[in-house]
Amino acid sequence: MMRKTVFAAASFCLVALVVASPLAIAQGAAADYSFPAIEKRIKESTATDRDLSELSGIVESQPGNVQANYLLAQYFELKGFEQLAIDALDRAIKSDPTFGLGHYRRCLIYLRMNDQQAALKDADVCARLLTKDGEKLFQLGLALDRGGQRERGKQFFLLAAKAGRKGEGYGANLAQIRMAHRKFDEALEAVEWDLRANPDDSRANLVKAEVLSKMGRGEEAVQCYLTAARTSPCDQLAAQVATRQLRMMNKDKEALETALLDLLCMKQQAKDLDASKEIVFELMQRVPDADSEKIVLSTSTQVDKSWRCRFFRLALGDIYDRLGRPTRAMAQYQLGLHNCPAQISDTLTRARGMYRLGLDYEIHFRNYREALDLYRRASALAPQDREIIKNYVRLDRKMKNRKNDIGWKLKDAWYSFWQVFSPVQP
């Protein structure tokens, strides 16, 4: 009786919507009423009475038109007429029993109407017809889970994980949902689905690390953060996220490694880049020198293959200069200039590398000829860089007047004396 009442009420609304005024039809005459256009408006919740009129007319003349019935069902679902939506889907599925989208849509509606038996029948069909559509299988899993069908929902989550391509992360998606409900064991189980498909999945490793951390399994979480940063430091901001979490866990050595890898990633703004360098600078001050050098060496293989190699080396050289380690800084500048893959657009970066290397030659080792040559080459590459040009002109002038500059001779003598008792830090 209730079903008949709902159907009668919806039918009345349908008649009222279909009987549009001639003026309204005339105003909409120029609109696009193709199936793709109507579907777009339904998805955007902007479907009009005229859309309903067009679809109803097609279905009236062609009751077995699968696409028209499917769109009509979506329209009714949007307007809240769920029984009318099911009727339209029934017609579509009767015309084409293998119409997976129809079974999928009808299953979701049945679950909202709490018709579990009918929903499960459609779910079984979807499991056969939608084997490659991970997203829809995942959504069915969520709907079944919410409807109290937890075991059936889990089956669909597994199907989604198997159907999805690497990196789609249905297991990680479910893990985050489970974490929000503090179901950490289930979250860990879910994220493992993704990792079995791809052990190097950055997002899955980050999510697993978060789950393990909440479970009090800190050391295992650290390894997951390191795996995410080492395999794909820039994917999902893996190195940046790992660095932040590892610092919160007071894991300075591990955080230094991920912070160094984060220097390989492009930043949206200069301030973000400066922030990444500042983190490396702070961590190097806390990590013992021997350990930090081992960590820098451990990143070399990955760095040397990266198109950001030159930038990384120059950034690290700048950090060593700030730490008062000019010899190490110069070694990084040299590596950046000579050991990194050539890039078409890094002329200015090369110029800055030569300039910073020249500064260290001049300031820390008083090797003016080498410094001047580097300034000259840098100025040729970046004639618009005022800082480079200014220092090139300054040192060139001083070199020409060196024999007559008593002050410079005194500085050189003092430098030689000072080097004996306080050599430059390596």
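The values are calculated or read from the model by the stated rules, or taken from the named source; none is laboratory data. As the structure is a prediction and not an experimental result, all values here were calculated from the model. Every residue, glycine as well, gets a Cβ built from its backbone with ideal geometry; the counts of neighbours run over all protein chains shown.
Looking at the stretch 121-142, which of its residues are of a type in the set (S, T, N, Q) and within 10 Å of residue 153 (Cα to Cα)?
Once the filter is applied, which keeps residues that are of a type in the set (S, T, N, Q) and within 10 Å of residue 153 (Cα to Cα), the stretch 121-142 yields only 139.
Hey, residue 218 hits all of (1) among the small types (Gly, Ala, Ser); (2) crowded, with 18+ Cβ neighbours inside 10 Å; (3) closer than 30 Å to residue 303 by Cβ; (4) more than 17 Å from the chain's Cα centre (by Cα) but one; which does it fall short on?
Of the numbered conditions (1) among the small types (Gly, Ala, Ser); (2) crowded, with 18+ Cβ neighbours inside 10 Å; (3) closer than 30 Å to residue 303 by Cβ; (4) more than 17 Å from the chain's Cα centre (by Cα), the odd one out for residue 218 is (2).
For the stretch 128-151, name all the residues that are over 25 Å from the mean Cα position of the chain (by Cα) and outside any helix (DSSP H, G or I).
Those that are over 25 Å from the mean Cα position of the chain (by Cα) and outside any helix (DSSP H, G or I): 130, 131, 147, 148, 149.
Out of the residues in the stretch 86-132 that are in contact with a Leu (Cβ under 7 Å, 6 or more places away or on another chain) and of a type in the set (Lys, Arg), which is farthest from residue 162 (Cα to Cα)?
Among residues in the stretch 86-132 that are in contact with a Leu (Cβ under 7 Å, 6 or more places away or on another chain) and of a type in the set (Lys, Arg), the one farthest from residue 162 (Cα to Cα) is 106.
Tally the residues that are over 23 Å from residue 43 (Cβ atoms) and aliphatic (A, V, I, L, M), restricting the search to the stretch 90-118.
1
Looking at the stretch 341-365, which of its residues are closer than 15 Å to residue 311 by Cβ and modelled with pLDDT under 90?
Matches in the stretch 341-365: 341, 342, 343, 344, 345, 346.
Yes or no, residue by residue, for (1) in contact with a His (Cβ under 9 Å, 6 or more places away or on another chain); (2) buried (at least 21 other Cβ atoms within 10 Å of the Cβ); (3) among the small types (Gly, Ala, Ser); (4) at pLDDT below 95:
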residue: 93; (1), (2), (3), (4): yes, yes, no, no
residue: 107; (1), (2), (3), (4): no, yes, no, no
residue: 123; (1), (2), (3), (4): yes, yes, yes, no
residue: 131; (1), (2), (3), (4): no, no, no, yes
residue: 145; (1), (2), (3), (4): no, no, no, yes
residue: 157; (1), (2), (3), (4): no, yes, no, yes
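Going residue by residue through the stretch 173-183, is there one that turns out to be closer than 25 Å to residue 108 by Cα, buried (at least 19 other Cβ atoms within 10 Å of the Cβ) and within 15 Å of the chain's Cα centre (by Cα)?
yes
Got at least one residue in the stretch 284-299 being touching a helix residue (DSSP H, G or I) at 6+ places or on another chain (Cβ under 8 Å), under 30 Å from residue 392 (Cβ atoms) and either in contact (Cβ under 8 Å) with a residue 24 or more places away in the chain or assigned to a helix (DSSP H, G or I) (or both)?
The answer is no; no qualifying residue exists.
Among the candidates 318, 373, 385, 360, single out the residue that is farther than 25 Å from residue 296 by Cβ and either under 35 Å from the mean Cα position of the chain (by Cα) or in contact (Cβ under 8 Å) with a residue 24 or more places away in the chain (or both). If you could, list the steps in order and put the result at the bottom.
Numbers: 318 fails: farther than 25 Å from residue 296 by Cβ; 373 fails: either under 35 Å from the mean Cα position of the chain (by Cα) or in contact (Cβ under 8 Å) with a residue 24 or more places away in the chain (or both); 360 fails: farther than 25 Å from residue 296 by Cβ.
Of 318, 373, 385, 360, the one residue that is farther than 25 Å from residue 296 by Cβ and either under 35 Å from the mean Cα position of the chain (by Cα) or in contact (Cβ under 8 Å) with a residue 24 or more places away in the chain (or both) is 385.
Might you let me know whether the stretch 257-279 holds any residue that is touching a residue at least 12 places away in the same chain (Cβ under 8 Å) and under 20 Å from residue 327 (Cβ atoms)?
The answer is yes; a qualifying residue exists.
So, of the residues in the stretch 61-89 that are polar (S, T, N, Q) and farther than 17 Å from residue 45 by Cα, which turns out to be surrounded by the most Cβ atoms within 10 Å (Cβ to Cβ)? Don't jump to the end; show me each part of the working.
Applying the first criterion (polar (S, T, N, Q)) to the stretch 61-89 yields 61-62, 65, 67, 69, 74, 83.
Add one more test, that the residue is farther than 17 Å from residue 45 by Cα, and what stays is 61-62, 65, 67, 69, 83.
Numbers: 61: 9, 62: 13, 65: 19, 67: 17, 69: 28, 83: 17.
Ranking the qualifying residues of the stretch 61-89, first place goes to 69.
Looking for whichever is in contact with a Ser or Thr (Cβ under 7 Å, 6 or more places away or on another chain) and either buried (at least 16 other Cβ atoms within 10 Å of the Cβ) or not basic (Lys, Arg) (or both) here; the options are 295, 279. Which one fits?
Details: 295 fails: in contact with a Ser or Thr (Cβ under 7 Å, 6 or more places away or on another chain).
Selected residue: 279, the only one of 295, 279 that is in contact with a Ser or Thr (Cβ under 7 Å, 6 or more places away or on another chain) and either buried (at least 16 other Cβ atoms within 10 Å of the Cβ) or not basic (Lys, Arg) (or both).
Of (1) on the phi < 0 side of the Ramachandran plot; (2) surrounded by 14 or more Cβ atoms within 10 Å (Cβ to Cβ), residue 285 satisfies all except one. Which?
For residue 285, the exception is condition (2).
Are any of the residues in the stretch 338-352 under 33 Å from the mean Cα position of the chain (by Cα), over 25 Å from residue 230 (Cα atoms) and among the small types (Gly, Ala, Ser)?
Yes, some residue in the stretch 338-352 is under 33 Å from the mean Cα position of the chain (by Cα), over 25 Å from residue 230 (Cα atoms) and among the small types (Gly, Ala, Ser).
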